[in-house]
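The values are calculated or read from the model by the stated rules, or taken from the named source; none is laboratory data. Everything numeric in this text was worked out from a predicted model, so none of it was measured. Cβ coordinates were reconstructed from backbone atoms using ideal geometry, including for glycine residues, and neighbour counts include every protein chain displayed. The accessibility values were calculated without ligands, DNA or RNA, using every heavy atom of the protein model including side chains. Shrake-Rupley method; radii C 1.70, N 1.55, O 1.52, S 1.80 Å.
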Amino acid sequence: MKKLEKDNVLNQVRDKSFYLYGAGYTAKICIKALREAGVKIDALIDDDTLKQDMSILSYNVMSYEKFAEITANKECVNVILTSIYGKAIYDRLSLLGNVVVWEMYEWYTDILDQQEFVIEKHCEGEKLDCYKKNTDELKKYLADMESQNVYDAIYQYFITEDVQKLVDVCTIDESYFIKEVVDYFQDRRFTLVDAGAYTGELLRAIMSSGLSVGKWYCFEVEKNNYEHLKSNLEGNELPEGLEFVCENYGLWSEQKELQVINQGTGSKVVERADVSSSEICRMLTIDEYFKNIKVDMIKMDIEGAEMEALLGGVQTLKRDTPLLAISIYHYVEDYYRIMQFILNNVGDKYKYYIRQHAMIYGETILYAIPCK
């Protein structure tokens, strides 16, 4: 894999054109930067059927199969990974003998640093010591060595800021549906709570997992995302037997109204906002909403609100022992306090796994899988 160097782009891309693999939020950031650098873009590739055959920033989006077909007879094809989940994509592209794969993860990280997302990615001093102490203590509860290696790699990343530390432990498993999750549910139909549904991206993962979701409860706080979510799910063919419920609510420790800062995929709720571009969203608790509904799995990626949502779902956790897939990368403390919270409230009912799903900082997920 070749590195696209921000300070040497013109020399690297002379007489070349590129396909971009990944048509999500990351791609939109990268397209702007690449255009400004004079990079010629042919088209986009994405595995999400909701994006295929669309036009994003004037570029057509195609499937991997279509890309492989139209480039089969070309001597050399250049592809830039604009998906942060690049490990599995890279492995797939490597099977094509005429493809040269490029990455721009450090470039993208520099751009992302200018955004207002809740990702606390710098850690030093007492906070770093606290991370090391707490994660070392939690290692005895982790079910495999890969999980321990993720903890160690993040610690090394904090010290060195070397993204390769994260690349080395990045999994090729699907986010939220790693092998252990698939093995747990097997052929059983289950109810899924999707906190932070955005515009329905989880649908592709559900379909590719082969699992049978009966009821899919989608919670999205930002109104524009919510409308796109409903439109996407209503306008696409869903797996047989799958029913969905879309809610323009957030999940919190209590029922209240909070402000929402609109940032696309990174839209988040805050108790106080100093910006005019915010809206109000009603927050509910898991325990109240699902007081008469059995929950089998809870997925959370809600921009730093994960602890608050779990505080409002303690009784549901104790009653149903749902499988949990929780993002733990937004705050440094979340790497350990979320797992500590689950341990303190449901004891030894779970096996714990941690997976790094991105080749940059972020997308670290804690999986708490019920003991059979």
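Structure values in brief
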| item | result |
| --- | --- |
| Dipole in debye (nearest 20) - the range 266-372, about Cα centre, beta carbon charges: Lys, Arg +1; Asp, Glu -1 | 520 |
| Accessible area in square angstrom per residue, the chain, 1.4 angstrom probe | 45 |
| Of 2/127; 291/349; 268/318; 139/372; 139/299; 3/28, those spanning more than 24 Å from alpha-carbon to alpha-carbon | 2/127; 268/318 |
| Sulfur and carbon atoms: percent of accessible area, the range 316-371 [1.4 Å] | 42 |
| Intensity falloff of the range 1-144 expressed as log10 I(q)/I(0), Debye formula with alpha-carbon point scatterers, at q = 0.17, 0.18 Å⁻¹ | -0.95, -1.03 |
| Per-residue [θ]222 nm for the chain (sum of -39500 (n - 2.57) over DSSP H runs n ≥ 4, rounded to 500) | -10000 deg cm²/dmol |
| The range 124-260 - charge dipole about Cα centre, Lys and Arg +1 at Cβ, Asp and Glu -1, debye rounded to 20 | 260 |
| Within the range 225-262: backbone nitrogen closer than 20 Å to the residue 54 label point (7 Å, Cα to C-beta) | 225-239, 244-248, 262 |
| Spin-label zone in the range 321-339 - amide nitrogen under 13 Å from a point set 7 Å from the Cα of residue 137 along the C-beta vector | 336-339 |
| Of all accessible heavy-atom area on the range 136-219, the percent that carbon and sulfur account for (1.4 Å) | 44 |
| Loop-resident sites, the range 119-224, for trypsin sites (Lys or Arg not before Pro), counting at most 12 other Cβ within 10 Å (DSSP) | 188 |
| GluC sites (Glu not before Pro) restricted to the range 43-146 and DSSP loop, no more than 15 other C-beta within 10 Å | 75, 116, 120, 124 |
